[in-house]
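To start, the structure itself, in structure tokens.
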Amino acid sequence: MALQNGSAYLGQSGADTPYLDACLLLSETLGIEKEQLFARLSDPLAANSHDQYQALLTQRAAGVPVSYLRKRKEFYGLEFYVDQRVLVPRPDTELIVEAVLELTDKLPHFERVHDCCTGSGCIALTLAKLHPGIEVSASDISEQALEVFELNSVRLLSRRPRTYVSDLLEKVPGTYHIIVSNPPYLQSSEVDAMQAAGWPEPRLALDGGDDGLDLVRRLAAQSKSRLHQRGYLMLEVADPQMEATMAILDACGYGDIEVRHDLAGRRRVCIGRNGVRS
Ligand code: GLN
């Protein structure tokens, strides 16, 4: 009953996946996995659980993502701690992890990888966990985001990647074989509208300026001198920004420009290579 009621309530509030959300929040309340929920559905809810579940449903109905309410999100099979200090990792971003692992498989000497605008650390820490041979570092302009990164680093790894508080690569030393980023790439006007509607993710992680590509432009230019010859830059953007992103990489002198698609078939990641054009 609690599940049906919760799901109906979230449905009315306009959530996209009300049943799944109610399952996740009810299992969170009971301290069990979602898969164990169905064996418990006929159990009555204790009064304190009922109150806790209602409180979570109310927050979800007000637009707080389930991941913030559960304080965790799965990414590439690993569990990341998340809260309002960071963007919730999206499955689309797993494309970058895949692309880096493919490259480092082919080019095992490509061992220095930097993740710029790392947030929760989903890209950097997944790479460090899955590929102990590569030397991963990460940066973010937000000290608060790096606090979350540290929590995840301690949870997931025994060896901790180096981190820098930095506006893009400004305070990041050294040169790299691969620089990756899921920078803020939404248009400021979109973020204005989202925030007016109560969107809880940090503006710093979303707002990419008028056309969303301010940070892409700056990072593409900065990375040119920070990548080894034949090193790669990999950027996540939104599908409608892909032509412009390819043009930015081309204008900066990157070659072998390649686009990867996400599971929905949208163009999502743009890759360029340094030092392959005459
Ligand atoms: N993919 C995110 C969204 O559309 C945006 C993330 C970003 O700006 N890097 O909500």
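The values are calculated or read from the model by the stated rules, or taken from the named source; none is laboratory data. From a predicted model like this one, the values you see are computed outputs, not experimental measurements. Note that we place each Cβ from the backbone using ideal geometry, even for glycine, and neighbour counts take in every protein chain shown. Remember, those area values only see protein heavy atoms, side chains included, never the ligands or the DNA or RNA. Shrake-Rupley method; radii C 1.70, N 1.55, O 1.52, S 1.80 Å.
See the values below:
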quantity	calculated
Boolean, R273 is open to solvent by 70 Å² or more (accessible area, probe 1.4 Å), of a type in the set (K, R) and free of Cβ contacts under 8 Å to residues at least 60 places away in the same chain	no
Matching residues, region 54-109, being touching a Phe, Trp or Tyr at 6+ places or on another chain (Cβ under 8 Å) and more than 16 Å from the ligand (Cβ to nearest atom)	L57, A61, K71, R72, E74, D83, L103, T104
Positions within region 209-230 being assigned to a strand (DSSP E or B), touching a His at 6+ places or on another chain (Cβ under 9 Å) and surrounded by fewer than 23 Cβ atoms within 10 Å (Cβ to Cβ), in sequence order	H228, R230
Among residues of region 138-165, those that are of a type in the set (S, T, Y), open to solvent by 10 Å² or more (accessible area, probe 1.4 Å) and either touching a residue at least 12 places away in the same chain (Cβ under 8 Å) or closer than 14 Å to D115 by Cα (or both), counted	3
Test: residue in region 33-42 that is surrounded by fewer than 16 Cβ atoms within 10 Å (Cβ to Cβ), modelled with pLDDT of 95 or more and either acidic (D, E) or part of a helix (DSSP H, G or I) (or both)	no
Hits in region 166-198 - residues which are hydrophobic (A, V, I, L, M, F, W, C), open to solvent by less than 30 Å² (accessible area, probe 1.4 Å), within 16 Å of the ligand (Cβ to nearest atom) and part of a loop (DSSP other than H, G, I, E, B)	L168
